Amino acid sequence: MTDLLFRGGRAFLAAGSFAEAVLVRDGRIAAAGTEADVVRLAGPGCETVDLDGGLLIPGVTDAHMHPVQAGLERAKCDLSHVYGLDEYVAKVHEYAAAHPGHEWIDGGGWDMSAFPGGLPHRSQLDSVDRPVYLIQRDHHAAWVNTRALEIAGITRDTPDPADGRIERDADGTPSGVLHEGAMDLVGLLTPRPTEQDLMDALMDAQQHLFSLGITGWQDAIVGSYAGSDDQLPTYVAAAAAGRLRARVVGALWWDRTRGAEQIPDLIERRKSAEGLETFRATSVKIMQDGIAENFTAAVIEPYCRCGGTGLSYVDPGLLKGYVAELDRHGFQVHFHAIGERAVREALDSFEGTDPATRGERRHHIAHLQIIEPSDVPRFARLGVTANLQPLWATHHAQMDELTIPFLGEERSAWQYPFADLLRAGTRFCAGSDWPVSNADPIQGMHVAVNRTEPGTSVHADYPTAQTPFLPGQSLELATALTAYTAGSAWINHDDEAGVIAAGNRADLVVLDRDPFTEPQADIWRAKVAMTFVGGQQVYRAR
């Protein structure tokens, strides 16, 4: 393999330090330093990659995303690129007309903030001649039409499932919104993707992620959930065939209808991926609560205006035992926790793990929307990594209209406390939760630093979008970039990635500009020019 010499810009190393040039040999970093020193090490026929004033960074590892689901949704009725009722309905009709043979119209990407109170209605989709099932952007609700409810047999007499809620009109008739576990009442009736559909979705997602500089990720649900299909065989097949070039960890889904008796099954599922170079199934995802906007996030004090304290999907009294047993069997535990009670329950569960193995397991909690201040120091004390999704930490319609009024002033100020966690010595990793939100890590870094909406966001023109949200919780760019690179590679046990250093794998990304030298408010403008995996180019911007 010909040597590659990256020059003509800067390379981000670690802790805010930079190099003038980087040499790659046989798929690994051979040297990083001054241009004069690195050039002397280059072999005959060395190929030069001109950074053209841009910045070379390590390949990004996204620590929490759902690429197969995203790929499937990109191939269906995808509402993620439009906004508002009229545009959603027009998109649904356009998709229906283009696919006359489809029995169902399914897809997703609608935003709660586009509707009064965050709730669309079945009647708004009844002009479509087929059943419709559309997953909300956050994947915690579905919008369906009357025909879909009829096929599922959902009436005013249908009880809410234990882990969800059927939204209803004043007379008790289902309104067309299904929250959390209630999604399955219709979702499981929609057409299932074939093995080829799943493989195509993964390959489409992988190429999209390469275009954003993402060379590895943790898939946060590998299993069946809310009408989804198990992606484990797809990942195993793709890795075995050499088609999965990104480095991936699958977080096996913890079935909240079962208890510790499922752990032997998880061990067998982990074994099915052993020996693969690019995929391992070594993490377990426990979803402890829902989201604040539909009042299923687990909070300590009741929500303002509506009461209730949300849902703890796994009995907190049993959680510590489950986590301790997973830890003993060598699993990393990956929590979803949005509300402050769910965060506390997750932290409490780690109290039961062996301190001697915590560093080896690399347990983490994702989302962390609300953290009660006394719990902030516990992350560092317990060796638990904070898995940040920075893109949500802004003033946007969902935050200002559907979240803050129901959290109240004091609790609203506890949201996304990145700087407090950093000051307490917490280790960071970061991700997007794609397709819940934009997969672009540059947009996430922009928000982590500015706490404002990036210019590409559908909410960029919202009245308070450029007013920093709790600006005292912002991070430095070097800290945010490190979370997305070294931090997330570490959480995936990929110790040969995430840092540009001699001997590490040459997973590298060329940005078209150096955001460290430009105004902080313009971080979002940076774009990926080239992406390399193991020293081989997998993406180049046109």
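Taken together, the values in this text are just the output of simple stated rules run on the coordinates, not laboratory data. All figures in this text were calculated on a predicted structure; none of them were measured in a lab. Here Cβ is always computed from backbone atoms with ideal geometry, including for glycine, and neighbour counts include all displayed protein chains.
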- [ ] Return one number: the angle in degrees, 0 to 90 and rounded to the nearest 10, between the long axis of the Cα atoms of helix 441-450 and the longest principal axis of the Cα atoms of the chain.
- [x] 80
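Taking only C-alpha pairs under 8 Å that are 6+ residues apart, what is the relative contact order of region 103-187 in percent? Walk me through the numbers on the way to the answer.
Numbers: 166 pairs, mean separation 23.3, N = 85.
Value for region 103-187: 27 percent.
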- [ ] Starting from the Cα of residue 517, step 7 Å along the direction of its Cβ; do the same at residue 171; then give the gap between the two resulting points in nm.
- [x] 6.8
Task: Charge sum, other residues only, whose C-beta stays under 15 Å from residue 538's C-beta, Lys/Arg counted +1 and Asp/Glu -1 - done: +4
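Among DSSP beta bridges whose residues both lie in the chain, state the antiparallel percentage, nearest 5. Display every interim value, and only then the final one.
Values: 34 of 76 bridges.
The antiparallel fraction comes to roughly 45 percent.
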TODO: Could you work out how far helix 195-211 tilts from the main Cα principal axis of the chain, as a 0 to 90 degree angle to the nearest 10?
DONE: 50
Task: Residues in region 476-495 reached by a label modelled at residue 423 [backbone nitrogen below 17 Å; 7 Å Cα→Cβ] - done: 476
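Shape verdict for region 287-438, please, from the Cα gyration tensor: rounded (a/c under 1.5), prolate (a/b greater than b/c) or oblate.
Values: a/c = 1.86, a/b = 1.51, b/c = 1.23.
Note, shape of region 287-438 comes out prolate.
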Open item on the list: Applying a 10 Å radius around every beta-carbon, put 464-473, 370-379, 326-335 in order of their mean neighbour count, most first.
Closed with: 326-335, 370-379, 464-473
Open item on the list: Suppose each label sits 7 Å from its Cα in the direction of the beta carbon; what would the residue 410-residue 224 distance come out to in nanometres?
Closed with: 4.5
TODO: Could you order peptides 385-391, 206-212 by the average number of other Cβ atoms within 10 Å of their residues, highest first?
DONE: 385-391, 206-212
- [ ] Once you have the Kirkwood Rh of the chain from its Cα pairs, apply Stokes-Einstein at 37 °C and 0.692 mPa s and quote D in µm²/s.
- [x] 138
Task: Whole-Hz ³J(HN,Hα) from phi, Karplus 6.51 cos²θ - 1.76 cosθ + 1.60, for region 349-364, glycine and proline x - done: 5, 6, 4, x, 8, 6, x, 5, 10, 4, x, 6, 6, 6, 5, 8
Open item on the list: Could you work out the relative contact order of the chain? I mean the mean sequence separation of Cα pairs under 8 Å and 6+ apart, divided by the number of residues, in percent.
Closed with: 17
TODO: Report the one residue of 144, 187, 162 whose Cα lies farthest in the direction of the positive end of the charge dipole of region 103-187 (charges on C-beta: Lys and Arg +1, Asp and Glu -1; origin at the Cα centre).
DONE: 144
- [ ] For residue 297, enumerate residues with amide H under 5 Å from its amide H, sequence gap 5+ or separate chain, H modeled in the peptide plane.
- [x] 290, 291, 292, 311
Task: Computed [θ] at 222 nm, deg cm²/dmol, the chain (DSSP H ≥ 4; -39,500 (n - 2.57); rounded to nearest 500) - done: -7000 deg cm²/dmol
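Sorted by average packing, counted as other Cβ atoms within 10 angstrom per residue and highest first, what order do 430-438, 59-67, 94-102 take?
Details: 430-438: 25.9, 59-67: 29.0, 94-102: 11.6.
In decreasing order of mean packing, 430-438, 59-67, 94-102 become 59-67, 430-438, 94-102.
Starting from the Kirkwood radius over alpha-carbon pairs of region 225-308, derive D by Stokes-Einstein at 37 °C in a medium of 0.692 mPa s and give it in µm² s⁻¹. Walk me through the numbers on the way to the answer.
Values: Rh = 15.2 Å.
Stokes-Einstein gives a translational diffusion coefficient of 216 µm²/s.
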TODO: Report, to the nearest 10°, how far helix 316-328 tilts away from the longest principal axis of the Cα atoms in the chain, using its own Cα long axis and a range of 0 to 90°.
DONE: 30
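Suppose R0 equals 41 Å. What FRET efficiency, 1/(1 + (r/R0)^6) with r the Cβ-Cβ distance, do residue 466 and residue 102 give to the nearest 0.05?
Numbers: r = 41 Å, r/R0 = 1.00.
Once rounded, the FRET efficiency stands at 0.50.
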TODO: In Å and from the alpha-carbon atoms only, list the Rg and Dmax of region 271-331.
DONE: 16.7, 53
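Taking the beta-carbon count within 10 Å as an exposure proxy, list 76, 91 from fewest neighbours to most. Walk me through the numbers on the way to the answer.
Working: 76 23, 91 19.
By the 10 Å Cβ count, ascending, the order reads 91, 76.
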Open item on the list: Using each residue's phi in region 519-529, evaluate 6.51 cos²θ - 1.76 cosθ + 1.60 at θ = phi - 60° and report the 3J(HN,Hα) Karplus result to the nearest Hz, with x for Gly and Pro.
Closed with: x, 4, 5, 10, 3, 4, 6, 5, 10, 7, 8
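What does the extension gain come out to for residue 87 and residue 196, with contour length at 0.36 nm per residue minus their alpha carbon separation? Let's see the in-between values first.
Values: separation 109, 0.36 × 109 = 39.24 nm, distance 3.06 nm.
Between residue 87 and residue 196, full extension yields an extra 36.2 nm.
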Task: Karplus-derived HN-Hα couplings along region 532-541 (A = 6.51, B = -1.76, C = 1.60, θ = phi - 60°), whole Hz, x at Gly and Pro - done: 10, 10, x, x, 9, 6, 10, 7, 9, 5
TODO: Work out how far the C-alpha atoms of region 471-526 reach from end to end along every principal axis, then list the three figures in whole Å, largest first.
DONE: 34, 27, 15
- [ ] Please pull out the direction-averaged projected area of region 103-187, using the convex hull of its alpha-carbon atoms, in nm² to one decimal place.
- [x] 5.2
